[in-house]
Amino acid sequence: MLPPNNRDDACRPPRSPAPRSPLAMTAHPIAVEEYRPEQEPYYHPVGDEVALFEAAAAGHIPLLLKGPTGCGKTRFVEHMAWRLHRPLVTVSCHDDLTASDLVGRYLVKGGEVVWVDGPLTRAVKVGAICYLDEIVEARKDTTVVIHPLADDRRYLTVEKTGQVHPAHPDFCLVISYNPGYQSALKELKVSTRQRFASLAFDYPAPAVEAAVVAHETGLDPARCDQLVRLAQMTRNLKEQGLEEGASTRLLVHCGRLMVAGIDPVRACETAIALTLTDDPEMVAAVAEMVAAVF
């Protein structure tokens with residue numbers, strides 16, 4: 001006889017193995033920020049930015065993307081990684097980001113000291129697109145690390161190991177920032193800026209933005225038009241004290257709430273008015289706009 005604990009198991013059909021993600025099936029561990037897009041990330045071109053990116057990547061020209069938050073910069077990079085069939089390594093920059101965070105460091109594993117490549121080093125070696133999001137948030141002594149990669153040298157120096165890594169031919173460096181958030185303390189150095197070709201992004205034309213919201217949410221086109229009209233009204237409040245108007249990303253959030261059955265006014269309050277500001281007067285002003293549109 002089977003032991004008591006195994007009797008039920010003997011009557012069950014054999015379990016199929018748990019599904020494994022593409023990352024888990026690779027031969028070496030890959031960090032969560034590194035992946036090769038398998039499906040096309042939706043992106044609606046608004047000009048010649050796709051052709052410019054392709055030309056820059058072919059010519060080993062690093063790119064700087066600048067524009068307001070939530071206007072599609074990150075989605076554009078994801079789309080181009082899919083279009084060019086390259087892995088994408090994304091790093092969200094912040095003021096505690098160190099050069100070691102980008103390049104790598106020695107770590108103790110199993111009683112041994114081993115070197116672990118950082119995201120920038122991995123991208124350089126495998127020929128990925130390395131996307132440094134909100135580059136001005138990083139410390140200036142950290143961003144200097146990318147200088148040899150962003151000019152004709154195209155190599156990465158790892159001082160801790162004494163190694164120099166020439167960039168893979170497919171390696172592409174892309175950085176982004178929001179000019180509206182710049183200050184005297186957070187400004188891109190001229191020596192960094194002039195190593196890049198620049199693409200300026202903004203919120204798309206109303207018809208295009210409504211089409212994007214409709215695609216991302218499945219919301220009725222008439223409602224999408226209303227959301228875009230509301231967004232344009234909030235963007236006009238920037239001169240009245242509002243730091244940023246409603247982004248396309250916020251419109252998508254709001255649209256998804258509506259599709260889920262949330263009342264449009266309540267959805268706009270949750271996803272737009274209360275997200276844009278904590279100032280009661282500004283919240284009230286946005287609420288009046290919502291009432292006028294919906």
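The values are calculated or read from the model by the stated rules, or taken from the named source; none is laboratory data. This one's a predicted model, so the numbers in the text were calculated from it and none came from an experiment. Here the Cβ positions follow ideal geometry from the backbone for every residue, glycine too, while neighbour counts run over all protein chains shown.
Which one is farthest from ILE135 (Cα to Cα) among residues in segment 151-200 that are of a type in the set (Asp, Glu) and in contact with a Lys or Arg (Cβ under 7 Å, 6 or more places away or on another chain)?
Here is the first cut: in segment 151-200, the ones of a type in the set (Asp, Glu) are 151-152, 159, 170, 187.
If we keep only those that are in contact with a Lys or Arg (Cβ under 7 Å, 6 or more places away or on another chain) too, we end up with 151, 170.
Working: ASP151: 17, ASP170: 22 Å.
For segment 151-200, the residue satisfying everything is ASP170.
Starting from residues that are assigned by TED's automatic domain parsing to the domain that holds ALA138 and of a type in the set (Lys, Arg), keep the ones in segment 180-239 and report whichever is surrounded by the fewest Cβ atoms within 10 Å (Cβ to Cβ).
Top of the filtered list is LYS189.
Looking at (1) out of contact with any helix residue (DSSP H, G or I) (no Cβ under 7 Å at 6 or more places or on another chain); (2) assigned to a strand (DSSP E or B), find the lone condition where GLY47 falls short.
(2)
Scan (1) under 25 Å from ALA207 (Cβ atoms); (2) buried (at least 17 other Cβ atoms within 10 Å of the Cβ); (3) of a type in the set (Gly, Ala, Ser) for the single condition ALA285 breaks and write down its number.
(1)
What's the number of the only condition in (1) free of Cβ contacts under 8 Å to residues at least 60 places away in the same chain; (2) in a helix (DSSP H, G or I); (3) more than 24 Å from GLU134 (Cα to Cα) that HIS215 fails to meet?
(1)
Answer yes or no: is there a residue in segment 108-117 that is under 24 Å from LYS186 (Cα atoms) and not assigned by TED's automatic domain parsing to the domain that holds LYS238. I'd like the intermediate steps shown before the answer.
First pass over segment 108-117, keeping only residues under 24 Å from LYS186 (Cα atoms): none.
No, segment 108-117 contains no residue that is under 24 Å from LYS186 (Cα atoms) and not assigned by TED's automatic domain parsing to the domain that holds LYS238.
Inside segment 66-82, can you point out the residues that are in contact with a strand residue (DSSP E or B) (Cβ under 8 Å, 6 or more places away or on another chain) and part of a helix (DSSP H, G or I)?
Step one: list which residues in segment 66-82 are in contact with a strand residue (DSSP E or B) (Cβ under 8 Å, 6 or more places away or on another chain), which gives 66-67, 73-74, 76-78, 80-81.
Listed by number, the residues that qualify are LYS73, THR74, PHE76, VAL77, GLU78, MET80, ALA81.
Quick one: which strands (runs of 3 or more DSSP E) lie wholly within segment 104-198 and hold at least 3 residues that are under 20 Å from ALA56 (Cβ atoms) and modelled with pLDDT of 95 or more? Even if it seems obvious, please write down each step before you answer.
Working: elements: 104-109, 112-117, 129-133, 155-158, 163-166, 172-177.
Those strands (runs of 3 or more DSSP E) span 129-133, 172-177.
Restricting to segment 230-261, and then to whatever is at pLDDT below 95 and assigned to a loop (DSSP other than H, G, I, E, B), can you tell me which residue is farthest from LYS73 (Cα to Cα)?
GLY241
Could we say that ILE30 is β-branched (Val, Ile, Thr), closer than 25 Å to LEU173 by Cβ and at pLDDT below 95 here? Lay out the reasoning, then the answer.
Values: β-branched (Val, Ile, Thr): yes; closer than 25 Å to LEU173 by Cβ: yes; at pLDDT below 95: yes.
Spelling it out, ILE30 is indeed β-branched (Val, Ile, Thr), closer than 25 Å to LEU173 by Cβ and at pLDDT below 95.
Scan segment 143-154 and report the pairs whose first residue is on the phi > 0 side of the Ramachandran plot and surrounded by 14 or more Cβ atoms within 10 Å (Cβ to Cβ) and whose second residue is part of a loop (DSSP other than H, G, I, E, B) and aromatic (Phe, Trp, Tyr), with Cβ atoms within less than 9 Å and a gap of 6+ or a chain change.
ARG154/PHE171
Testing PRO204 on (1) of a type outside the set (Val, Ile, Thr); (2) closer than 16 Å to THR69 by Cα; (3) in a loop (DSSP other than H, G, I, E, B); (4) at pLDDT 95 or above, one condition comes back false. Which one is that?
Of everything listed in (1) of a type outside the set (Val, Ile, Thr); (2) closer than 16 Å to THR69 by Cα; (3) in a loop (DSSP other than H, G, I, E, B); (4) at pLDDT 95 or above, PRO204 misses just condition (4).
So how many residues does segment 267-281 have that are part of a helix (DSSP H, G or I) and under 28 Å from the mean Cα position of the chain (by Cα)? First the steps, then the outcome.
The first filter runs over segment 267-281 and keeps only residues part of a helix (DSSP H, G or I), leaving 267-276, 280-281.
Remaining after also requiring under 28 Å from the mean Cα position of the chain (by Cα): 267-276.
Of the residues in segment 267-281, 10 are part of a helix (DSSP H, G or I) and under 28 Å from the mean Cα position of the chain (by Cα).
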